[in-house]
Structure formats: structure tokens, C-alpha cells
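Only one structure is covered here, and it is reproduced in the block below.
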Amino acid sequence: MKTASLPRISVFNRQRKVKLDRPALEEFARRALVACARARGTGLTRLPQVDVVLISDRRMSELHRRFMQIDGPTDVITFQHGEIFISVETAARQATAHRTSVLYELRLYLVHGLLHLHGFDDREESDRAAMAALQKRIVASLR
């Protein structure tokens, strides 16, 4: 896939609780965009811009309640017009629980959001398992 047909991608840090290297995550996002676009689907080629917004659990809880009618934070919410919201605090908790790093969790959530934008769905268990395996492969291939 030609990168000229792919959207621009930007990462915005809108939280202050967890220190992170935003430029490094943005560089990963550029490479992940290309890798995700190679998977089946066409959604990424239809967007001019993808914005990845790193937020707090408080803000994620607000979005989760407003758009999905579910209380509490979640890891990532993707909007089909090109926004991916990621809770950095949730990533930090999951990193501890899974014995990974915050950076690994953020990369995983970012790829998850990109795959959703590209047309992947995880509502059914079989789709969820396939998507989880693909996102782990993509993250591992981009280290």
C-alpha cells in the first residue's frame, strides 16, 4: 500500500499523570499505520487524518458513558471519523497486571484503534480473538 494514500497521523498528550515520550509514540504510530493498512480492509485509505488522543481515566470515563452508556474507563475508544482515544492510566494499570510496559500497552491500544478504523470488528468472540492476535503480531513486528 502506498503511504501517499494513507492519512496523516498525530498523537496528542492530553493527560498529566503518566510521563511518556509522545514523539516516540507518534513515530511508532506512523509505522503502525502502514502495517495496519496492509491487513485486509479499506477504512484507513478513506480518512485524511487520524488523531490519537492520550487522556486520563476521568476523561475516558466521560467518553465511555456518553457514547457507549457504560460507566468507568476503558482502554481505547475509536471513532470512525478518525479519532482514537487512549486512557494512559488504564495502560499503566494493565502494564502492571500483564507484566508489560506502559509503552507496550499504548502501542497495543493504538494498533487496536487503527485496526478498527481499517474495518476490523471485535464484537464477536472469534473476531475479537483474531483481532487480538493480529494486533500483537503488528506490535511485535514494529519493535
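The amide H of V53, built 1.01 Å from its N in the peptide plane, has F12, I84, F85, I86 as neighbours under 5 Å, considering only residues 5 or more places off or on other chains.
Loop-resident trypsin sites (Lys or Arg not before Pro) (DSSP state other than H, G, I, E or B) in the range 34-118 with no more than 14 further Cβ atoms inside 10 Å of their Cβ: R38, R40, R99. Under the simplified labelling scheme, the F79-A97 pair shows an inter-label distance of 2.6 nm, with each label point 7 Å from Cα along Cα→Cβ. Of H118, H112, the sequence from fewest to most neighbouring Cβ atoms within 10 angstrom is H118, H112. About the centre of its Cα atoms, the range 3-141 shows a dipole size close to 360 debye [charges on the beta carbon of Lys, Arg (+1) and Asp, Glu (-1) only; nearest 20 debye]. Taking other Cβ atoms within 10 Å as a rough exposure proxy, L117, L106, L63 sort from fewest to most as L63, L117, L106.
Taking amide H atoms as placed 1.01 Å from N in the peptide plane, the amide H of G119 lies under 5 Å from those of G43, each 5 or more residues away in sequence or on another chain. Counting neighbouring beta carbons within 10 Å and listing from fewest to most, the residues H116, H81 come out as H81, H116.
Values quoted throughout were computed directly from the atomic coordinates according to the rules given, and no laboratory measurement underlies them. Given the structure is predicted, the values throughout are model-derived calculations rather than measurements. In this analysis, Cβ positions are derived from the backbone assuming ideal geometry, glycine residues included, and neighbour counts consider all displayed protein chains.
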